[in-house]
Amino acid sequence: MSGLSFIAPKTVEEAVRALAAGDGLTKCLAGGTDLLVQLRSGRARPEVIVDMKRIPGLIGISEREDRFIIGAATPGAMISECGPLCRAWPGITEAVDLIGSQQIQGRASLGGNLCNASPAADSVPAVIAARATCVVVGPEGRREVPVEAIVTGPGQTSLRKGELILEFHVPKPRPHQADAYLRFIPRTEMDIAVVGCAVNVTLGDKGVCRDARVVLGAVAPTAVIVTEAAEALVGHWLDEETLGRLDAAARRASKPITDKRGTIEYRIKVAGVLARRAAAIAFKRAGEC
Amino acid sequence: MTFIGKDLKVVGTRPIRPDGVDKVTGRANFGADMTVPGMIWGKIKRSPHAHARILRIDAEKALRLPGVKAVVTAADFPNIAAEEAFAGEAIMDFRDLSRNCMARDKALYDGHAVAAVAASTPAIAEAALELIDVEYEVLPFVIDVEKAMAADAPLLHGELFTQGIEPKPTAPSNIAKRINFTKGDIEKGFREADVVIERRYTTRPVHQGYIEPHACVATVAADGQCSIWSSSQGHFMVRQYCAHLLGIDIANIRAAAAEIGGGFGGKTLIYVEPVALALAKKSGHSVKIVMTREEVFRGTGPAAGSVIEVKLGAKKDGRLTAAEVTLKYQAGAFPGSPVGPGCMCALAMYDVPNANVTGYDVVCNRPKVAAYRAPGAPNASWGVESCLDELALALGLDPLSLREKNAAKDGVKAVHGPTWQNIGYAETLAAAKAHPHWRAPLGAGQGRGIASGFWFNIGGESTASVHVNEDGTVVVATGSPDIGGSRVSMAMMVAEVLGVAVERVRPIVADTSSIGYTFLTGGSRVTFATGMAATEAASRVVDELKKRAAVIWEISPEAVEWRDGMAYPAGQNAGAFEPLPLAEIAFRSARTGGPISAEAAINAQGPGAGFGTHICDVEVDKETGAVKILRYTAIQDVGRAIHPAYVEGQLQGGVTQGVGWALNEEYIYDKDGRLENPGFLDYRIPVASDLPMIDAVLVEVPNPRHPFGVRGVGEVPIIPPTAAVANAIYRAAGVRLRDLPMSPPKVLAAIDEEKG
Amino acid sequence: MPHVVISGDISRRFTGGEREFDVEATTFRRLILELDRRFPGLGRQIEEGMAVAIDGEIFQDAYAAPIGEKSEVYLIPRIGGG
């Protein structure tokens, strides 16, 4: 029977060393809402578990002049309780608020949600739409990369051996910039997203869209930045025609699978619907702020 | 003695249940909470194949793993003879049950138990399972009920011949039985009809969804005395079934019922108990087995997936002239789906002059079906109640009026034969019509549906014992596991009879050695049958209390009355004595004759039938197919609600399960017959936010056969929701769904198809 | 004499297809014995697999259930529950 080691480093350097050492499977533990499920079901059999929660900086939210810095292991509940962050990025916070349930959010983190690399991760599209970055630390030092560079496929990340995500940097929104996140699930809580859509827009004169980012989740191996959808929005109001082009762009960008959570046909349709609805909310919010 | 029509002090109030505090603080002891010194852990190895011959099981490597104490297979269970088996219509067939608990010769479903291990830790037991080598010959499988009925279907049992067909078939089949009920002349009935509607409805299997998995601790002492602690709806049933399966005398087994985290029928039989006993015997240690959620889905019985074909004929004015229903139910790996009750419930609410109802019980490669709240009826009513709605629309009548026109009443002959007596169906319709929900305005994209349901409810054997403590407090002990608040109802009925506050009466559930035989908790029987026994025992205690007062007062017992918890002299001539409270008599019981207690052991007959009518409002998101339940009212004839809050709870719980059945619950199989969603993540039962507050309306048409007028209530409420929701969806979105569950992709596909 | 109907039809294999009988019986016990006398094996079938509805009221496992001279008696499949 294999052994299991549990290491709780107190510094970043200690954590990097623990992750870099060892030949067997090494897993990071933040909230554990994915890892523990995988351990129990036998899907993951790590030899080493490295707890992130005692490392300074991994838990906590701080505000600088131009950005929010969110520790990678910060529980979703803390994010939901951070007033300034909620006001700046309601889409991100409502995405985090949708992960699992209230109990899960007491533990689940942005870092865990991202690195678990499920195509259906709820926080990922909104964080990408906000053009957030990750600070990655590892044996070779520190680097800052866009969030979308981390996940490379279902269950796969671009993190090298020994690397961990330290924190997320979310830029402060510009005036008349706002986001929204919607997802479709069969029930009202507890389900994995069938489709998720985040929209981040900036409005200019007369409410015409100056800038946009539309990101879909659960309809491809990774979250998809739908450039065609952003192009449909930029330079336009959100009228019927724009909504139609947005819907079509979202559908074209969706390459889902049929699984026990949804069929290809259904996911493609709903991707279009959610894109329209999330855009409507983002536009409204951007107009009001 | 009857309390119907009397002014009552305790019955009808809402005291806090005695098990409440422990349950909400986590102190209650459930099946997995028992620990016994020296206890080891059992785990079950399960077939990964839907259908396979078991060629060889080699446990050699597993037994050599340090910490492993025993391995069992079917070889460790008596091979129950075939003659005892196909004895016909008895619902429990012990040969099948034994093979379901531990496969013999063949694995019949993905998840079928093929071996079990007991080891000193759960991790070692888990590792040992992987070391048990099983050689299978994989066979073609069949799961869908109609595919299983086909002539060329893979056969599960080479010696199964369809019962109920004349002449007896010569070739074996997966159709275990065919059952048929007729009334009048069906051809004539359809000829007389102005409108005939013929439709087909289908359901997928759904699980009872109890939050607490099966768990037990079994001990076999050196002298052969066995004890079992388990999560079960019937510890006498556990004792009896284990005795049968293992060839042990009933007297040598003592079974206790743990607190239960839901059963709903799924725990009216055994799975892990005989395996734990076999491991305990072989290893010499007490053995605990706790199923994982995945095992519950793969290895325990759900409700049948089914096909329901309905043909209704009616006059223009709405009077039904004919009804033809065909039910095809999956039985799972062994015969015994509840297609019989399904046939009898399908048209029970209606006065149909001509009817023909046929049912097929069909085996297939999935877990053996187990009871789930009104077993058989929800499937049948899904079809019939939807079809009635389609008929109402075709006739241009409102669905409530259509039901009123055809409602079964006292004196009407049921399709299965007997003439109805003392039923309250029409009263539920009247209550629905009068309810504000029926007339509440609806917005765009919203619709309202109604549906009805019927369940027989049962009585059966119960023993109850009431004894008075030295301080005048009282204990009522019964043998009925409490799955729905029945224990507090026992205390309330006893308190009412004794005339004391309910806080002075402590209800307990006694084990099989401490109370007389009691049939399991199911069939909505406990408040009726065990309540009847408890009431009887309490009245005998009252008789005894009067006798003791008579001794103290030196008068004849006939001259003593009992009122409000005290003995009074009956009239002036008896003597001018101060009333004697119960506590006073208890205090002096030794001198007046000894401890005061009484027991009643009965086979309760006369359970009252239950009828319900539900109103459901939904909103359909026409772009995603999502259905939201806006408002739900469940109206049911409950006879007499002993504790109204727990009766309301039964209605609300049944509705919730029915809504899950309607909207999202289903088993998903892959191309190899393996279950893809054995967990609550992807087997989607409703979460709290999925439903609004459910209004439970308790109509009381007392059952004259019970001292308080009780009818069983727990099962009826799961029957109407599926059709009520579908009927509401039709009116909200203009689409008629006939296949459950009505999940968003299916609703959206129907909407899109309707658009053209 | 009470008129007895076997409803549901499975038991017809014991009775060669007949489902309606006039049976001299004042209790359910006597009814079972009479039917078993006429159709050997049917008695056990009824005891273990069926319930009886006498004038609309269902009895299960009740030898003493009274049957009147003009009673309507139906033998129906046994009812359980969940």
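Here, each number is a calculation from the coordinates, and none is a lab measurement. The structure displayed is predicted, hence computed values, not measured ones. Here the Cβ positions follow ideal geometry from the backbone for every residue, glycine too, while neighbour counts run over all protein chains shown.
Key figures
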{"read-out": "Violating pairs (Cα-Cα greater than 18 angstrom) within the set A:Lys255/B:Lys755; A:Lys206/A:Lys284; B:Lys177/B:Lys328; B:Lys315/B:Lys405; B:Lys433/B:Lys628", "value": "A:Lys255/B:Lys755; B:Lys433/B:Lys628"}
{"read-out": "Among B:Gly262, B:Val699, B:Gly67 the positive-end extreme of the charge dipole of the protein assembly as shown (Cβ point charges)", "value": "B:Gly67"}
{"read-out": "Length added when fully stretched, B:Val138-B:Thr13, from 0.36 nm per residue minus Cα-Cα", "value": "39.1 nm"}
{"read-out": "Whole-Å distance, taken between Cα centres, linking region A:83-145 and region B:432-481", "value": "47 Å"}
{"read-out": "Distance cut-off 46 Å, percentage of C-alpha pairs in the protein assembly as shown lying past it", "value": "40 percent"}
{"read-out": "Between region B:16-83 and region B:555-578, the Cα center-to-center distance that results, in Å", "value": "59 Å"}
{"read-out": "Contact order normalised by residue count of chain C, Cα under 8 Å, 6+ apart, percent", "value": "37 percent"}
{"read-out": "Two-site FRET efficiency, B:Ser401 against A:Asp205, from Cβ-Cβ distance with R₀ of 60 Å, rounded to 0.05", "value": "0.50"}
{"read-out": "Relative contact order of chain B, pairs being alpha-carbon contacts under 8 Å that are 6 or more residues apart, as %", "value": "15 percent"}
{"read-out": "Space enclosed by the convex hull of the alpha-carbon atoms of chain B, per residue, Å³", "value": "174 Å³"}
{"read-out": "Residues with amide H under 5 Å from that of B:Gly111, placed H, sequence gap 5 or more", "value": "B:Ser47, B:His49"}
{"read-out": "Using a Förster distance of 30 Å, the FRET efficiency for C:Glu47-A:Lys260 (Cβ separation, nearest 0.05)", "value": "0.05"}
{"read-out": "Cα-based reach from B:Lys183 at 16 Å (exclusive), listing lysines while leaving out same-chain residues under 8 positions away", "value": "B:Lys311, B:Lys413"}
{"read-out": "Sequence of B:Trp229, B:Trp438, B:Trp562 once ranked by neighbouring C-beta atoms within 10 Å, starting from the fewest", "value": "B:Trp438, B:Trp562, B:Trp229"}
{"read-out": "Two-site label geometry, B:Arg200 and B:Glu146: point separation in nm, points 7 Å out along Cα→Cβ", "value": "0.3 nm"}
{"read-out": "Simple spin-label estimate for B:Thr25 and C:Asp55 in nanometres, 7 Å along Cα-Cβ", "value": "5.4 nm"}
{"read-out": "Residue-by-residue Karplus 3J(HN,Hα) for region B:221-226, coefficients 6.51, -1.76, 1.60, Hz, glycine and proline x", "value": "6, 4, 8, x, 6, 10"}
{"read-out": "R0 of 45 Å, Cβ-Cβ distance B:Arg293-A:Glu144: FRET efficiency to nearest 0.05", "value": "0.60"}
{"read-out": "Charge context of A:Leu243, other residues only, Cβ under 11 angstrom, K/R +1, D/E -1", "value": "-1"}
{"read-out": "Fraction of antiparallel bridges per DSSP, chain B only, in percent to nearest 5", "value": "75 percent"}
{"read-out": "Region B:607-727: relative contact order in percent, alpha carbon pairs under 8 Å with at least 6 residues between", "value": "42 percent"}
{"read-out": "Amide N of region B:121-143 lying under 18 Å from the label point, which is placed 7 angstrom from the Cα of B:Leu65 along Cα→Cβ", "value": "B:121-135"}
{"read-out": "Pairwise centroid distance, computed over Cα atoms, of region B:701-756 with region B:318-391, Å", "value": "15 Å"}
